[in-house]
Amino acid sequence: MGKGNMGYEALPKVSTRKDMYDQLDAAIRNIADENDDVEDSSPQRKYLKALIIESNSPLETLHREPNVLFIPTEDPNIYLVRIDRTGQITFSYLDTLDPRFWTLYSLDKSQEIKTEVNRFIQKNNSRLDYAWFSSSSLQAISSRYSKTSFTMKFLNSFNNENIPMKRLSIRLWAEDASDIMGNLLRNEYIGTAACLSNIEVLHSGIVDQYIKTRLSMEGNITVSKGNSVEELLEYQQQIVQGHYKPIIETIEKDYTICYSCKDGVNIGGDLLSIKLSKKLSNIENISNQILKGIQPFRFTGFINKISDDNYLLNVLDLHNFGRFDMEIYPDEILINLPQNSCGNSVLRLFALCQERIDPNAELRGDGSAIITA
(Lines give C-alpha, C1' and ligand atoms only; values in the text may rest on other atoms or scores of the structure.)
Protein backbone atom coordinates (compact mmCIF):
# COMPACT_ATOMS: atom_id res chain seq x y z
CA MET A 1 0.00 0.00 0.00
CA GLY A 2 1.51 3.31 -1.00
CA LYS A 3 0.58 6.74 -2.25
CA GLY A 4 -2.80 5.53 -3.39
CA ASN A 5 -3.83 5.19 0.26
CA MET A 6 -3.29 8.83 1.23
CA GLY A 7 -6.07 9.93 3.52
CA TYR A 8 -5.68 6.93 5.86
CA GLU A 9 -6.84 8.97 8.86
CA ALA A 10 -8.17 6.42 11.37
CA LEU A 11 -7.56 2.88 12.48
CA PRO A 12 -10.52 0.66 11.54
CA LYS A 13 -12.00 -2.13 13.63
CA VAL A 14 -10.09 -5.42 13.62
CA SER A 15 -10.78 -8.94 14.87
CA THR A 16 -7.44 -10.78 14.81
CA ARG A 17 -3.76 -10.09 15.32
CA LYS A 18 -3.15 -10.44 11.58
CA ASP A 19 -5.86 -7.84 10.92
CA MET A 20 -4.20 -5.49 13.39
CA TYR A 21 -0.74 -5.91 11.86
CA ASP A 22 -2.14 -5.36 8.35
CA GLN A 23 -3.76 -2.09 9.43
CA LEU A 24 -0.63 -0.91 11.25
CA ASP A 25 1.40 -1.66 8.13
CA ALA A 26 -1.02 0.38 6.02
CA ALA A 27 -0.83 3.27 8.49
CA ILE A 28 2.98 3.26 8.40
CA ARG A 29 3.11 3.29 4.60
CA ASN A 30 0.68 6.19 4.45
CA ILE A 31 2.94 8.65 6.29
CA ALA A 32 3.56 11.80 4.25
CA ASP A 33 6.79 13.15 2.82
CA GLU A 34 9.75 12.63 5.19
CA ASN A 35 10.88 16.24 4.87
CA ASP A 36 7.66 17.48 6.46
CA ASP A 37 8.37 17.23 10.19
CA VAL A 38 5.30 19.01 11.55
CA GLU A 39 2.58 16.62 12.63
CA ASP A 40 -0.83 17.07 11.05
CA SER A 41 0.45 19.81 8.72
CA SER A 42 -2.21 18.48 6.35
CA PRO A 43 -5.39 16.53 7.14
CA GLN A 44 -3.86 13.54 5.34
CA ARG A 45 -0.82 13.27 7.61
CA LYS A 46 -1.25 10.86 10.53
CA TYR A 47 1.66 9.46 12.49
CA LEU A 48 1.32 6.00 14.03
CA LYS A 49 2.10 5.91 17.75
CA ALA A 50 2.94 2.91 19.93
CA LEU A 51 2.67 3.83 23.61
CA ILE A 52 4.23 1.41 26.10
CA ILE A 53 2.28 1.06 29.37
CA GLU A 54 3.68 -0.76 32.41
CA SER A 55 0.93 -2.68 34.20
CA ASN A 56 0.65 -4.36 37.59
CA SER A 57 -2.95 -5.52 37.21
CA PRO A 58 -5.37 -7.02 34.67
CA LEU A 59 -7.26 -4.74 32.29
CA GLU A 60 -10.55 -5.70 33.99
CA THR A 61 -9.54 -3.82 37.15
CA LEU A 62 -8.58 -0.63 35.33
CA HIS A 63 -10.30 2.64 36.24
CA ARG A 64 -12.75 3.39 33.41
CA GLU A 65 -13.32 6.78 31.86
CA PRO A 66 -16.91 7.35 30.62
CA ASN A 67 -15.79 8.22 27.09
CA VAL A 68 -13.56 5.16 26.62
CA LEU A 69 -14.63 1.56 25.91
CA PHE A 70 -12.39 -1.52 25.73
CA ILE A 71 -13.98 -3.91 23.22
CA PRO A 72 -12.74 -7.54 23.09
CA THR A 73 -11.75 -9.09 19.76
CA GLU A 74 -11.28 -12.67 18.62
CA ASP A 75 -7.74 -12.47 19.98
CA PRO A 76 -7.96 -12.53 23.81
CA ASN A 77 -4.92 -10.23 24.05
CA ILE A 78 -6.15 -7.51 21.68
CA TYR A 79 -8.79 -4.89 22.49
CA LEU A 80 -10.34 -2.16 20.43
CA VAL A 81 -10.17 1.11 22.36
CA ARG A 82 -13.17 3.21 21.39
CA ILE A 83 -12.70 6.86 22.34
CA ASP A 84 -15.55 9.37 22.08
CA ARG A 85 -14.38 12.98 22.11
CA THR A 86 -17.63 14.98 22.11
CA GLY A 87 -19.06 12.98 19.25
CA GLN A 88 -15.83 12.36 17.36
CA ILE A 89 -15.20 8.62 17.68
CA THR A 90 -11.83 6.98 17.00
CA PHE A 91 -10.44 3.49 17.50
CA SER A 92 -7.02 2.48 18.81
CA TYR A 93 -5.62 -0.99 19.50
CA LEU A 94 -4.45 -2.25 22.90
CA ASP A 95 -2.13 -5.28 22.78
CA THR A 96 -1.80 -7.02 26.18
CA LEU A 97 0.14 -10.07 24.96
CA ASP A 98 2.82 -9.22 27.53
CA PRO A 99 0.71 -8.73 30.68
CA ARG A 100 3.40 -6.50 32.22
CA PHE A 101 4.03 -4.23 29.22
CA TRP A 102 1.03 -3.32 27.11
CA THR A 103 1.22 -1.47 23.80
CA LEU A 104 -1.43 1.02 22.70
CA TYR A 105 -1.38 1.71 18.95
CA SER A 106 -3.08 4.86 17.76
CA LEU A 107 -3.41 7.27 14.84
CA ASP A 108 -5.01 9.95 17.02
CA LYS A 109 -3.20 13.24 17.41
CA SER A 110 -0.32 12.98 19.87
CA GLN A 111 -1.75 15.33 22.48
CA GLU A 112 -5.20 13.74 22.33
CA ILE A 113 -4.08 10.14 22.81
CA LYS A 114 -1.51 11.11 25.45
CA THR A 115 -4.26 12.94 27.35
CA GLU A 116 -6.36 9.75 27.43
CA VAL A 117 -3.40 7.62 28.54
CA ASN A 118 -2.51 10.16 31.22
CA ARG A 119 -6.05 9.92 32.63
CA PHE A 120 -5.57 6.21 33.22
CA ILE A 121 -2.00 6.23 34.44
CA GLN A 122 -2.20 9.25 36.73
CA LYS A 123 -5.14 7.97 38.75
CA ASN A 124 -3.88 7.12 42.23
CA ASN A 125 -3.59 3.35 42.66
CA SER A 126 -4.15 2.79 38.94
CA ARG A 127 -1.32 0.23 39.06
CA LEU A 128 -0.28 1.57 35.67
CA ASP A 129 2.82 3.56 34.81
CA TYR A 130 4.80 4.81 31.85
CA ALA A 131 7.89 2.90 30.76
CA TRP A 132 10.60 5.31 31.90
CA PHE A 133 13.55 5.38 29.50
CA SER A 134 16.25 7.43 31.20
CA SER A 135 18.75 9.49 29.25
CA SER A 136 21.26 6.66 29.77
CA SER A 137 18.82 4.08 28.40
CA LEU A 138 18.08 6.25 25.36
CA GLN A 139 21.81 6.52 24.74
CA ALA A 140 22.30 2.76 25.06
CA ILE A 141 19.36 1.91 22.79
CA SER A 142 20.34 4.43 20.11
CA SER A 143 24.01 3.39 20.09
CA ARG A 144 23.35 0.61 17.57
CA TYR A 145 21.44 2.82 15.12
CA SER A 146 21.96 5.80 12.86
CA LYS A 147 20.43 8.76 14.73
CA THR A 148 18.41 11.25 12.69
CA SER A 149 17.25 13.57 15.49
CA PHE A 150 17.29 13.99 19.24
CA THR A 151 16.01 16.27 21.99
CA MET A 152 17.89 17.24 25.13
CA LYS A 153 16.03 18.80 28.04
CA PHE A 154 17.23 19.54 31.54
CA LEU A 155 15.57 21.54 34.30
CA ASN A 156 17.57 22.13 37.45
CA SER A 157 14.28 22.34 39.34
CA PHE A 158 15.94 21.75 42.73
CA ASN A 159 18.40 24.63 42.24
CA ASN A 160 21.47 22.50 42.82
CA GLU A 161 24.27 25.06 43.11
CA ASN A 162 26.87 22.48 41.98
CA ILE A 163 25.37 22.28 38.47
CA PRO A 164 26.05 25.59 36.69
CA MET A 165 23.32 25.24 34.05
CA LYS A 166 19.75 25.82 35.23
CA ARG A 167 17.88 24.95 32.04
CA LEU A 168 18.68 23.33 28.70
CA SER A 169 16.46 22.63 25.68
CA ILE A 170 17.85 21.44 22.34
CA ARG A 171 16.04 19.85 19.35
CA LEU A 172 18.25 18.84 16.44
CA TRP A 173 17.74 17.04 13.12
CA ALA A 174 20.52 15.76 10.86
CA GLU A 175 21.12 13.05 8.30
CA ASP A 176 23.18 11.39 11.01
CA ALA A 177 23.18 13.20 14.35
CA SER A 178 25.33 10.62 16.18
CA ASP A 179 28.57 12.65 16.34
CA ILE A 180 26.75 15.87 17.20
CA MET A 181 24.96 14.21 20.11
CA GLY A 182 28.19 12.66 21.34
CA ASN A 183 30.01 15.98 21.24
CA LEU A 184 27.26 17.70 23.25
CA LEU A 185 27.28 14.94 25.88
CA ARG A 186 31.05 15.31 26.27
CA ASN A 187 31.05 19.13 26.23
CA GLU A 188 32.58 20.50 29.43
CA TYR A 189 29.71 22.93 30.03
CA ILE A 190 26.68 21.54 28.18
CA GLY A 191 27.46 17.98 29.31
CA THR A 192 26.56 18.86 32.90
CA ALA A 193 22.94 19.29 31.75
CA ALA A 194 22.79 17.15 28.58
CA CYS A 195 19.85 14.86 29.29
CA LEU A 196 18.18 13.07 26.36
CA SER A 197 14.38 13.22 26.43
CA ASN A 198 13.78 11.54 23.04
CA ILE A 199 15.79 10.00 20.25
CA GLU A 200 14.91 9.25 16.63
CA VAL A 201 16.68 6.37 14.91
CA LEU A 202 16.54 4.50 11.62
CA HIS A 203 15.96 0.76 12.06
CA SER A 204 16.44 -1.59 9.10
CA GLY A 205 16.98 -5.29 9.66
CA ILE A 206 15.74 -6.50 6.27
CA VAL A 207 16.89 -5.25 2.86
CA ASP A 208 14.58 -2.53 1.48
CA GLN A 209 12.54 -2.46 4.72
CA TYR A 210 12.97 0.21 7.38
CA ILE A 211 11.32 2.24 10.06
CA LYS A 212 12.19 5.68 11.45
CA THR A 213 10.95 6.08 15.01
CA ARG A 214 11.13 8.54 17.89
CA LEU A 215 11.32 7.06 21.39
CA SER A 216 10.56 9.38 24.31
CA MET A 217 11.50 9.20 27.97
CA GLU A 218 7.92 8.12 28.82
CA GLY A 219 8.06 5.13 26.44
CA ASN A 220 6.11 6.68 23.56
CA ILE A 221 7.16 5.51 20.09
CA THR A 222 6.21 7.68 17.11
CA VAL A 223 6.73 6.38 13.58
CA SER A 224 7.89 9.28 11.43
CA LYS A 225 8.61 7.26 8.29
CA GLY A 226 8.78 3.66 7.14
CA ASN A 227 7.44 0.84 5.00
CA SER A 228 7.27 -2.20 7.27
CA VAL A 229 5.31 -3.11 10.38
CA GLU A 230 7.79 -5.98 10.87
CA GLU A 231 10.56 -3.45 11.47
CA LEU A 232 8.41 -1.61 14.03
CA LEU A 233 7.66 -4.86 15.89
CA GLU A 234 11.35 -5.80 15.86
CA TYR A 235 12.30 -2.39 17.25
CA GLN A 236 9.68 -2.69 20.00
CA GLN A 237 11.00 -6.16 20.84
CA GLN A 238 14.52 -4.81 21.20
CA ILE A 239 13.69 -1.85 23.41
CA VAL A 240 11.08 -3.50 25.66
CA GLN A 241 11.90 -7.21 25.83
CA GLY A 242 15.60 -6.79 25.06
CA HIS A 243 16.43 -3.70 27.13
CA TYR A 244 13.75 -2.46 29.52
CA LYS A 245 12.16 -5.64 30.87
CA PRO A 246 15.48 -7.30 31.85
CA ILE A 247 16.39 -4.25 33.96
CA ILE A 248 13.01 -4.39 35.73
CA GLU A 249 13.40 -8.13 36.35
CA THR A 250 16.95 -7.67 37.68
CA ILE A 251 15.77 -5.02 40.14
CA GLU A 252 12.81 -7.09 41.35
CA LYS A 253 14.78 -10.36 41.58
CA ASP A 254 18.15 -9.27 42.93
CA TYR A 255 17.57 -5.94 44.69
CA THR A 256 14.41 -6.31 46.75
CA ILE A 257 14.97 -6.99 50.43
CA CYS A 258 13.49 -10.13 51.99
CA TYR A 259 13.82 -11.59 55.47
CA SER A 260 13.63 -15.12 56.84
CA CYS A 261 14.01 -16.44 60.38
CA LYS A 262 15.05 -20.02 59.69
CA ASP A 263 18.27 -20.79 61.63
CA GLY A 264 18.52 -17.14 62.66
CA VAL A 265 17.65 -13.96 60.81
CA ASN A 266 18.63 -14.03 57.14
CA ILE A 267 18.44 -11.03 54.80
CA GLY A 268 18.27 -11.45 51.04
CA GLY A 269 18.60 -8.89 48.26
CA ASP A 270 20.59 -5.68 48.31
CA LEU A 271 20.23 -1.92 48.37
CA LEU A 272 20.09 0.07 45.14
CA SER A 273 22.05 3.28 44.72
CA ILE A 274 21.68 6.30 42.47
CA LYS A 275 25.26 7.54 42.43
CA LEU A 276 25.53 11.26 41.66
CA SER A 277 28.39 12.99 39.83
CA LYS A 278 27.67 16.36 41.50
CA LYS A 279 26.92 16.84 45.18
CA LEU A 280 23.44 17.94 46.19
CA SER A 281 23.38 21.38 47.75
CA ASN A 282 19.85 21.32 49.25
CA ILE A 283 18.75 17.85 50.35
CA GLU A 284 15.75 19.09 52.33
CA ASN A 285 14.31 20.91 49.30
CA ILE A 286 14.83 17.88 47.08
CA SER A 287 13.16 15.61 49.64
CA ASN A 288 10.10 17.87 49.83
CA GLN A 289 9.82 18.12 46.04
CA ILE A 290 10.05 14.34 45.53
CA LEU A 291 7.30 13.64 48.08
CA LYS A 292 4.77 16.21 46.84
CA GLY A 293 2.46 13.42 45.67
CA ILE A 294 2.02 14.88 42.17
CA GLN A 295 3.46 14.41 38.70
CA PRO A 296 6.04 13.49 37.67
CA PHE A 297 7.43 11.62 40.70
CA ARG A 298 4.04 10.43 42.08
CA PHE A 299 5.58 9.77 45.50
CA THR A 300 4.29 10.90 48.88
CA GLY A 301 5.32 10.03 52.44
CA PHE A 302 7.33 11.29 55.39
CA ILE A 303 10.73 12.94 55.76
CA ASN A 304 13.06 12.10 58.64
CA LYS A 305 16.08 14.36 59.08
CA ILE A 306 19.02 12.27 60.30
CA SER A 307 21.55 15.08 59.87
CA ASP A 308 22.13 18.08 57.58
CA ASP A 309 23.63 15.69 55.02
CA ASN A 310 21.35 12.70 55.53
CA TYR A 311 17.56 12.46 55.10
CA LEU A 312 15.50 9.27 55.37
CA LEU A 313 12.29 9.24 53.29
CA ASN A 314 9.44 6.78 53.96
CA VAL A 315 7.92 6.66 50.48
CA LEU A 316 4.46 5.69 49.22
CA ASP A 317 4.30 5.23 45.44
CA LEU A 318 0.89 6.41 44.23
CA HIS A 319 1.03 4.29 41.07
CA ASN A 320 0.54 1.04 43.02
CA PHE A 321 0.57 2.05 46.71
CA GLY A 322 3.92 0.29 47.18
CA ARG A 323 6.07 1.39 50.13
CA PHE A 324 9.84 1.68 50.32
CA ASP A 325 12.56 3.73 52.01
CA MET A 326 14.93 6.17 50.37
CA GLU A 327 18.01 7.64 52.06
CA ILE A 328 19.47 10.78 50.51
CA TYR A 329 23.10 11.86 50.95
CA PRO A 330 24.90 14.70 49.12
CA ASP A 331 26.45 12.29 46.58
CA GLU A 332 24.10 9.30 46.65
CA ILE A 333 20.49 8.16 46.96
CA LEU A 334 20.02 4.72 48.55
CA ILE A 335 16.82 2.76 47.83
CA ASN A 336 15.53 -0.03 50.08
CA LEU A 337 12.83 -1.96 48.18
CA PRO A 338 10.81 -4.56 50.09
CA GLN A 339 10.11 -7.92 48.48
CA ASN A 340 7.36 -7.85 45.79
CA SER A 341 7.96 -4.15 45.09
CA CYS A 342 7.59 -2.75 41.58
CA GLY A 343 10.92 -2.11 39.87
CA ASN A 344 9.30 0.55 37.68
CA SER A 345 9.25 2.86 40.72
CA VAL A 346 13.05 2.83 40.65
CA LEU A 347 13.32 3.48 36.91
CA ARG A 348 10.90 6.41 37.19
CA LEU A 349 12.96 7.89 40.04
CA PHE A 350 16.21 7.35 38.15
CA ALA A 351 14.95 8.85 34.87
CA LEU A 352 13.65 11.93 36.68
CA CYS A 353 16.88 12.28 38.66
CA GLN A 354 18.79 12.46 35.38
CA GLU A 355 16.29 14.96 33.96
CA ARG A 356 16.10 17.23 37.02
CA ILE A 357 19.04 16.59 39.35
CA ASP A 358 22.09 15.09 37.61
CA PRO A 359 22.18 13.86 33.97
CA ASN A 360 25.36 11.92 34.79
CA ALA A 361 23.88 9.89 37.64
CA GLU A 362 24.29 6.10 37.59
CA LEU A 363 21.95 3.39 38.87
CA ARG A 364 24.05 0.90 40.82
CA GLY A 365 23.53 -2.29 42.75
CA ASP A 366 26.05 -4.24 44.83
CA GLY A 367 28.76 -1.83 43.69
CA SER A 368 28.26 -2.43 39.96
CA ALA A 369 26.35 -0.33 37.43
CA ILE A 370 22.86 -1.45 36.37
CA ILE A 371 22.44 1.64 34.18
CA THR A 372 25.60 3.67 33.52
CA ALA A 373 25.73 7.42 33.02
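Under 7 Å between Cβ atoms, which residue pairs at least 6 apart in sequence (or on different chains) link something in the stretch 1-23 that is in the same structural domain as I113 (by TED's automatic domain parsing) and of a type in the set (S, T, Y) with a partner that is in a helix (DSSP H, G or I) and at pLDDT 65 or above?
Close Cβ pairs satisfying both conditions: Y8/A26; Y8/A27; Y21/V229.
Restricting attention to the stretch 106-128, which residues are of a type in the set (A, V, I, L, M) and either assigned to a strand (DSSP E or B) or more than 25 Å from I31 (Cβ to Cβ) (or both)?
Listed by number, the residues that qualify are I121, L128.
Only one of (1) in contact with a Phe, Trp or Tyr (Cβ under 9 Å, 6 or more places away or on another chain); (2) surrounded by 15 or more Cβ atoms within 10 Å (Cβ to Cβ); (3) part of a strand (DSSP E or B) fails for S273. Which number is that?
All conditions pass for S273, except number (1).
Report, by residue number, each residue of the stretch 146-163 that is touching a residue at least 60 places away in the same chain (Cβ under 8 Å), buried (at least 20 other Cβ atoms within 10 Å of the Cβ) and under 11 Å from L202 (Cα atoms).
Matches in the stretch 146-163: T148 only.
If you scan the stretch 287-319, which residues turn out to be surrounded by 18 or more Cβ atoms within 10 Å (Cβ to Cβ) and in contact with an Asp or Glu (Cβ under 8 Å, 6 or more places away or on another chain)?
Passing the criteria: R298, F299, Y311, L313, V315, H319.
Residues that are closer than 22 Å to I239 by Cα, β-branched (V, I, T) and buried (at least 16 other Cβ atoms within 10 Å of the Cβ): does the stretch 188-199 have at least one?
Within the stretch 188-199, one or more residues are closer than 22 Å to I239 by Cα, β-branched (V, I, T) and buried (at least 16 other Cβ atoms within 10 Å of the Cβ).
Restricting the stretch 289-335 to residues that are polar (S, T, N, Q) and in contact (Cβ under 8 Å) with a residue 40 or more places away in the chain, which is farthest from S57 (Cα to Cα)?
Among those that are polar (S, T, N, Q) and in contact (Cβ under 8 Å) with a residue 40 or more places away in the chain, it is Q289.
Determine, yes or no, whether L280 is modelled with pLDDT of 95 or more and either buried (at least 19 other Cβ atoms within 10 Å of the Cβ) or assigned to a loop (DSSP other than H, G, I, E, B) (or both).
It is false that L280 is modelled with pLDDT of 95 or more and either buried (at least 19 other Cβ atoms within 10 Å of the Cβ) or assigned to a loop (DSSP other than H, G, I, E, B) (or both).
Checking the structure you have, find out if any residue of the stretch 165-182 is more than 22 Å from the chain's Cα centre (by Cα), closer than 30 Å to N282 by Cα, not hydroxyl-bearing (S, T, Y) and not assigned by TED's automatic domain parsing to the domain that holds A361.
Yes, the stretch 165-182 contains a residue that is more than 22 Å from the chain's Cα centre (by Cα), closer than 30 Å to N282 by Cα, not hydroxyl-bearing (S, T, Y) and not assigned by TED's automatic domain parsing to the domain that holds A361.
Could you tell me which numbered condition E65 fails, if it satisfies all but one of (1) at pLDDT 95 or above; (2) surrounded by fewer than 21 Cβ atoms within 10 Å (Cβ to Cβ)?
Against the list (1) at pLDDT 95 or above; (2) surrounded by fewer than 21 Cβ atoms within 10 Å (Cβ to Cβ), E65 comes up short only on (1).
Go through the stretch 295-318 and count every residue that is at pLDDT below 95, aliphatic (A, V, I, L, M) and within 17 Å of C353 (Cβ to Cβ).
Result for the stretch 295-318: 0.
Residues being modelled with pLDDT under 90 and either within 18 Å of L155 (Cβ to Cβ) or in contact with a helix residue (DSSP H, G or I) (Cβ under 6 Å, 6 or more places away or on another chain) (or both): count how many of those fall in the stretch 178-190.
So the answer is 1.
Which of the following residues is touching a Cys at 6+ places or on another chain (Cβ under 9 Å) and surrounded by 21 or more Cβ atoms within 10 Å (Cβ to Cβ): D129, D108?
Of the residues listed, the single one that is touching a Cys at 6+ places or on another chain (Cβ under 9 Å) and surrounded by 21 or more Cβ atoms within 10 Å (Cβ to Cβ) is D129.
Considering only the stretch 132-145, I want to know if a residue exists there that is of a type in the set (F, W, Y), outside any strand (DSSP E or B) and crowded, with 20+ Cβ neighbours inside 10 Å.
There is at least one residue in the stretch 132-145 that is of a type in the set (F, W, Y), outside any strand (DSSP E or B) and crowded, with 20+ Cβ neighbours inside 10 Å.
Restricting attention to the stretch 81-97, does a residue exist that is assigned to a strand (DSSP E or B), more than 29 Å from E65 (Cα to Cα) and modelled with pLDDT of 95 or more?
no
The values are calculated or read from the model by the stated rules, or taken from the named source; none is laboratory data. Keep in mind the model is a prediction, meaning the values are calculated, not measured. A quick note on method: Cβ atoms are made from the backbone with ideal geometry, for glycine too, and the neighbour counts reach across all protein chains shown.
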